[in-house]
Each structure stands twice: as structure tokens, then as C-alpha cells.
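The structure under discussion appears below in the form of C-alpha cells.
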Amino acid sequence: MSFGINVADLATLTDWAEDLSLVDLVLLSDHDPLGDVAQMLGIMNPGASFAKRANVLIDESGVLVWRKTYTGLPDFQEILDWIDDN
């Protein structure tokens with residue numbers, strides 16, 4: 001299953017998704033408590049109230065198997081390539 005996660009509150013996340021027409025992507029809010037999941041995934045910016053842009057793969061057992069952070073837009077092809085290679 002694919003989904004997006006953001007530390008924004010649900011109202012902000014909903015507005016953002018509508019603005020970008022993200023109708024087919026499940027979006028999760030990691031707002032309360034702020035960034036708990038991002039912290040567990042190692043993608044929370046230290047001392048900040050926002051997470052890094054990242055692609056993360058978690059296997060069926062809930063184990064983090066791959067993670068990469070980005071300064072720009074994430075490269076979704078990298079996920080597909082990693083899956084094909086592993």
C-alpha cells in the first residue's frame with residue numbers, strides 16, 4: 001500500500017491535497033503528537049516542526065527496509081527500482 005505522511009494538521013493536509021488534486025493518494029497526518037512517526041522513521045528535522053522530504057519503504061512485517069531523504073522533490077522511480085532489485 002502506498003500513502004503520504006505529513007506533520008501538518010488534518011485541515012491543512014486536506015487543503016493541500018485538494019490544491020494538488022491528490023485524490024488517489026491516501027494521506028496521513030503525523031501532527032498529534034507532532035512528528036512522532038517521522039521521528040521513528042528518522043526523517044524529522046532536529047529542532048524543527050517539519051519532517052524531511054523522503055521516500056520510505058516498510059515491509060509487510062513493519063520493518064523499515066529502505067529510506068532516502070531529499071532536498072528537492074522525492075524520486076518515486078527510485079522506489080520502483082529498489083523493489084525490482086530486491
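The values are calculated or read from the model by the stated rules, or taken from the named source; none is laboratory data. What you see is a predicted model; the values in this text were computed from it and never measured. All Cβ positions, glycine included, derive from the backbone under ideal geometry; neighbour counts span all protein chains shown. Heavy atoms of the whole protein, side chains included, go into the accessibility calculation; ligands, DNA and RNA do not. Shrake-Rupley method; radii C 1.70, N 1.55, O 1.52, S 1.80 Å.
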When the dipole is taken about the Cα centre of the chain, and only Lys, Arg (+1) and Asp, Glu (-1) are charged at their Cβ, what size is it in debye, to the nearest 20? 360
Counting only heavy atoms of the protein chains, get the accessible area per residue of the chain (1.4 Å probe) and round it to a whole Å² value. 74
Whole-percent carbon and sulfur contribution to the accessible surface of the chain (1.4 Å, no ligands, DNA or RNA) stands at 54
